[in-house]
1. Could you give log10 I(q)/I(0) at q = 0.05, 0.09, 0.10 Å⁻¹ for the chain, computed by the Debye formula over C-alpha point scatterers of equal weight, without solvent?
2. Compute the helix-to-body angle for 111-123: its Cα long axis versus the longest principal axis of the chain, expressed 0 to 90° and rounded to tens.
3. Step through the residues of region 316-323 one at a time and calculate ³J(HN,Hα) from phi using the Karplus curve (6.51 cos²θ - 1.76 cosθ + 1.60, θ = phi - 60°), rounding each to whole Hz and writing x for Gly and Pro.
4. What is the Cα centroid distance between region 269-326 and region 429-475, reported in whole angstrom?
5. Hey, which lysines would be in cross-link range of Lys471, C-alpha to C-alpha under 26 Å, not counting anything within fewer than 8 residues on its own chain?
6. Calculate the FRET efficiency for Asn327 and Asp373 from the Cβ-Cβ distance with a Förster distance of 25 Å, rounded to the nearest 0.05.
7. Between 0 and 90 degrees, rounded to the nearest ten: what's the tilt of helix 188-202 against the longest Cα principal axis of the chain?
8. Please name whichever of Phe228, His214, Tyr244 sits farthest to the positive end of the charge dipole of region 202-248, dipole taken about the Cα centre and charges placed at Cβ: Lys and Arg +1, Asp and Glu -1.
Amino acid sequence: MQTLRHTLDALADAGVLAFNVSLHGGEVTTLPPVVLGELFALIRNHYLAHFDALNALGHKKSTPHIKTNLFKFAPLYELFDQHKVSVSASIDLPLALHARYRTTRTGTDWLPRTLDNLRLLARYPHAKKISATLSSVHLNDVQALVDDIWFIHRELGFDMNQLNLMFAFGSELNRAAKGDAALTPCTPAQQLQLYQALMAAFTGTELEVGLKRHWFDEFKPSYCTNAFNCGERFYLLQSDGAVYSCVRGQGIEDFHYGNVFEDPILDILDNGARKIRLVHQLHGMDGACQRCNQLSHCHTGCPVVKYQSGSARSYTCELQQALYADNPLSYPADAPIAQANYFQHYLHGMHPSLAFARAAMPPLEDRLMLPNDLGEAKNTLQAIIATDATLQVLFSDDVFLLELNDETVALDSQLFKQRRNVHTLVDGDGLVLHLRREVLQAHCSESIRNTLYLQMLRDTPVVYGDEQRTKQEHVFTYQLFANCLKPSLRYGSDYLQCDLSGLVALHRVHYQRGVLNNLFVTTSCLRDYHYQKQKNNAFYHVQTANLPFQNFEFHYLP
């Protein structure tokens with residue numbers, strides 16, 4: 001309980017949203033009921049607290065999920081029902097093998113108890129399904145497997161549309177623990193024969209929907225085994241805080257990502273993605289995968305199985321090909337050009353050393369190249385301003401007020417204006433600029449040396465400079481030293497003023513009918529700080545390529 005709560009808090013603090021929290025591994029129902037109830041409540045509260053964010057991302061989980069062998073299902077039924085827990089019941093099919101392999105410590109099989117619990121599960125009012133992992137021995141009698149699916153569906157009353165089939169794979173840990181008792185995995189031919197037998201047995205029946213939609217979900221693109229890099233999204237958390245890839249990789253050092261009580265959570269997540277990439281890279285790229293038009297769906301399969309088998313190719317490849325071929329609209333094959341492009345994409349993302357060992361790529365088309373981290377929240381212009389007191393003054397929308405006859409216009413930066421306001425001036429209009437006294441102290445040790453800094457531009461484009469940009473043409477630059485500014489007659493002692501009426505009228509010969517004029521206002525110290533900031537911060541520079549100062553746009557009619 002403490003481990004899960006600590007981890008969810010650490011993820012939240014790191015800005016990572018857990019979208020699916022499932023109780024799995026070993027047998028979780030061996031925990032005391034009070035602990036189980038606390039875990040269920042914690043998971044439900046997590047989903048509810050983040051309901052809007054999860055829903056916006058398309059995740060619909062709102063209740064806990066548990067994988068269980070059903071041994072303690074009856075005594076825990078009310079607790080499960082109270083928390084609306086979704087249940088995945090693990091059994092062996094055919095049921096005769098459940099009796100053989102699911103026994104108590106004294107060697108007694110508990111199939112009768114399992115059948116009673118399956119009847120109870122059939123009446124359970126919340127989400128439920130059955131999962132069965134198949135090895136070679138499970139497929140020795142496929143007809144018995146088919147018969148038992150019907151038995152559970154018709155006699156026990158459980159809707160077997162809700163069934164997931166999985167295939168065992170070779171595991172060194174399993175062989176070390178069980179020796180000769182370890183079950184032999186199915187061959188690819190056996191997997192394919194089972195699929196064909198189930199298609200023949202259930203097509204056209206009430207279980208056809210389950211056969212096509214759920215039974216082979218693990219081998220479809222929505223499942224973790226087909227992720228581009230499963231280490232970026234899926235993790236197993238042990239009660240001691242250790243994080244592994246999943247139940248398949250649990251206990252294997254190459255799939256150990258860290259410990260939530262010892263390592264920063266983002267380091268654990270980064271380590272997961274790195275280790276999964278490394279496993280894929282160590283096993284290379286199978287030639288058949290390079291030419292496969294379903295690579296964008298499969299991504300060469302589960303890395304843990306690759307690690308255990310030493311193969312670079314999915315252990316269910318033939319089965320997946322059959323699933324894709326039978327559902328061409330759901331899993332369309334990539335056209336040759338798309339397949340080649342996706343292969344290059346996969347190679348660069350998962351096998352960069354192989355990608356660069358190949359023939360040189362054609363030159364990139366001409367396009368704007370921006371740094372990858374430009375979009376990070378801390379690098380937005382608003383975030384940069386928020387951490388810099390001088391920039392907050394430079395971009396302020398209340399330090400400069402323009403008195404136009406009897407109207408007051410608050411000036412703000414053109415970069416943040418929600419709409420464009422254009423005024424019309426005529427000879428004789430009064431134009432007085434008022435500024436807060438404190439703006440003259442911003443980034444200035446001696447305000448007497450500071451100046452009010454004005455730039456007049458007009459919208460007659462010119463091209464100049466190293467970048468050969470098309471810009472508005474400059475008309476004049478004007479500076480007035482701080483001590484020459486007069487006290488504001490309109491806004492009180494906190495403001496100074498400068499009458500711009502004569503200055504603007506003086507240059508009326510340069511204003512053109514139908515051409516917009518653009519007056520920028522700042523101080524010389526703030527202007528200097530702006531250009532120094534551009535030198536020091538590339539993210540600021542790229543977002544302030546256009547003048548960021550407060551401005552006033554107008555047409556002039558002499």
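1. Computed log10 I(q)/I(0) values: -0.39, -0.82, -0.91.
2. Helix 111-123 sits at roughly 40 degrees to that axis.
3. Along region 316-323, the couplings run 10, 4, 4, 4, 4, 4, 5, 4 Hz.
4. 60 Å
5. Result set, ordered by chain and number: Lys417, Lys533, Lys535.
6. Result of the calculation: an efficiency of 0.05.
7. 80 degrees
8. The one lying farthest along the dipole's positive direction is Phe228.
The values are calculated or read from the model by the stated rules, or taken from the named source; none is laboratory data. Computed from a predicted model, the values in this text were never measured in an experiment. Backbone-built Cβ (ideal geometry, glycine too); neighbour counts: all protein chains shown. Remember, those area values only see protein heavy atoms, side chains included, never the ligands or the DNA or RNA. Shrake-Rupley method; radii C 1.70, N 1.55, O 1.52, S 1.80 Å.
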